[in-house]
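Readers should treat all values here as calculations from the given coordinates under stated rules, not as data from a laboratory. Everything numeric here is computed off the predicted structure, so don't read it as measured data. Don't worry about glycine lacking a Cβ; one is built from the backbone with ideal geometry, like all the others, and counts go over all protein chains shown.
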Amino acid sequence: MIKDQIDDLEAFLKELEKEAKRLQVILYEEMLEGIMDNFDIDKGFVISEKNYYTIAVVDKIVDKYSKKHERKILQEIADKILETIQINKEQFADLGVSKAILNRGATRAGIIEARLGLRNGNLVFGGWLDSLSQNMQIKEQLRTYVTDAITNETPINQFTKGLKTIVRGDKTATGIKERYFRQNVHDAIFQSDRFVKKQFAEAAGMKYFVYFGGVIKTTRDFCRARAGKVFSEEEAEAWRDMDWQGKSDPYEPLIDMGGYNCRHSPQYISDEEAEEMR
């Protein structure tokens, strides 16, 4: 069942990537229109002093775009994360965990809402998901690009071509929303699921787990050496003192597992199963 869950999460992330590509087209079109409406063009060059004041328009364009086009996808991300509570409750029920302990675990896992900035399943102003909608990294990249274009007296045709590459990507680079979601959402979804698993495991007194998720082409050596093997929570604590490429900082073993972009999860098992498998 845990394999099905990982497959489902990865399928969701692939759909999110498709949505990011669609959103990039919209962001580029709205950014280009908003900037060109405010830019002074002198003989085909972006050199007017007034254009420096136009830099402030970048944030307004991104905010307007986000409010209009991104709230739905952010809510879908929130729903997918909250869905992990019920899925994990069913997984631990299959392990024979009592209803009372399952309810206790679900209550503990419920604090994931506060961690993500949710209240009754909805985004809370100032929370993590709401901050994601602010697109601060994207605004910074776009402001820098516009500032450099003005300073370097960039020809307008070169400016628009470069803007398109930054926002929508090209054959050699992913677009700005694809990178943004990949950097911020992938880990949040898998870390949230691991956090929920940990709450159920602690409620049930389960201390052993299988390092679950298999091996793929991009699997790190750290994960490759542990995939499919049984560990105790105490043994996992020793990973804090190890170093490897891609390790999260700060690092929490059962939440971060192999580090950034890791797809593995702890599959908790009973003491008896652990003894048999080790």
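Quick one: Karplus J couplings for the range 206-218, per residue in order, coefficients 6.51, -1.76, 1.60, θ = phi - 60°, nearest Hz, x for Gly and Pro?
Whole-Hz 3J(HN,Hα) from phi for the range 206-218: 8, 10, 10, 8, 9, 6, 9, x, x, 10, 10, 4, 8.
Top mean-square fluctuation among Tyr53, Tyr65, Tyr211, Gaussian network model of the chain, C-alpha springs under 10 Å?
Tyr53
How far is helix 156-168 tilted off the main Cα axis of the chain, in degrees rounded to 10, range 0 to 90?
Long axis of 156-168 versus the principal axis of the chain: about 10 degrees.
Please list, in chain and number order, the residues 5+ apart from Ile269 or on another chain whose amide H is under 5 Å from its amide H, with Hs placed from the backbone.
Tyr208, Phe209, Val210
Taking 20 °C and 1.002 mPa s as the conditions, I'd like the Stokes-Einstein D for the chain in µm²/s, using the Kirkwood hydrodynamic radius from alpha carbon pairs. Write down the numbers at each step before the final one.
Values: Rh = 21.1 Å.
Here the translational diffusion coefficient equals 102 µm²/s.
Note down the relative contact order for the chain as a percent, whole number, built from C-alpha pairs under 8 angstrom at least six residues apart. Don't jump to the answer; show the numbers that get you there.
Numbers: 327 pairs, mean separation 60.3, N = 278.
About 22 percent, as a whole number.
Would you calculate the separation in nanometres between label points at Thr107 and Glu83, each defined as 7 Å from the Cα along the Cα-to-beta-carbon direction?
Each label point lies 7 Å from its Cα, and together they span 2.7 nm.
Sort out for me the Cα centre separation of the range 189-205 from the range 248-272, rounded to whole Å.
If you average the Cα positions of each part, the centres end up 10 Å apart.
With a cut-off of at most 10 other beta carbons within 10 Å, and DSSP calling the residue loop, which trypsin sites (Lys or Arg not before Pro) in the range 146-241 qualify? Please list them. Don't skip to the answer; put the middle values down first.
On the way: sites: Lys161, Lys164, Arg168, Lys171, Lys177, Arg179, Arg182, Arg194, Lys197, Lys198, Lys207, Lys217, Arg220, Arg224, Arg226, Lys229, Arg240; in loops: Lys171, Lys207, Lys217, Arg220, Arg226, Lys229.
Sparse-neighbourhood loop trypsin sites (Lys or Arg not before Pro): Lys171, Lys217.
Taking loop as defined by DSSP and a crowding limit of 11 other beta carbons within 10 Å, which trypsin sites (Lys or Arg not before Pro) in the range 1-109 fit?
Those satisfying the criteria are Lys43, Lys50.
Can you compute the charge dipole magnitude of the chain about its Cα centre, using +1 on each Lys and Arg Cβ and -1 on each Asp and Glu Cβ, nothing else charged? Give it in debye, rounded to the nearest 20. Walk me through the intermediate numbers first.
Numbers: 42 positive and 47 negative charges, 119 e Å.
The calculation lands at about 580 debye.
Between Ala114 and Glu76, 0.36 nm times their residue separation minus their Cα-Cα distance comes to what? Each step should come with its number before you reach the end.
Values: separation 38, 0.36 × 38 = 13.68 nm, distance 1.68 nm.
My answer for the length gained is 12.0 nm.
Between helix 136-151 and the chain, what is the angle of the helix's C-alpha long axis to the longest principal axis, kept within 0 to 90° and rounded to the nearest 10?
With both axes taken from Cα atoms, the answer is about 30 degrees.
In the chain, with Lys and Arg counted as +1 and Asp and Glu as -1 at Cβ, which of these residues, Leu23, Leu9, Asn157, has the Cα nearest the positive end of the dipole, that is, farthest along it?
Asn157
Taking R0 as 22 Å, what FRET efficiency do you get between Lys217 and Lys14 from their Cβ-Cβ distance, rounded to the nearest 0.05?
On the way: r = 16 Å, r/R0 = 0.72.
For Lys217 and Lys14, the calculated efficiency is 0.85.
Compute the angle between helix 51-69 and the longest alpha-carbon principal axis of the chain, please, reported from 0 to 90 degrees and rounded to the nearest 10.
For 51-69 against the chain, the angle is about 40 degrees.
What does the convex hull of the Cα atoms come to per residue for the range 206-278, in Å³?
Working: hull volume 5.9 nm³, N = 73.
Per residue, the Cα convex hull of the range 206-278 comes to 80 Å³.
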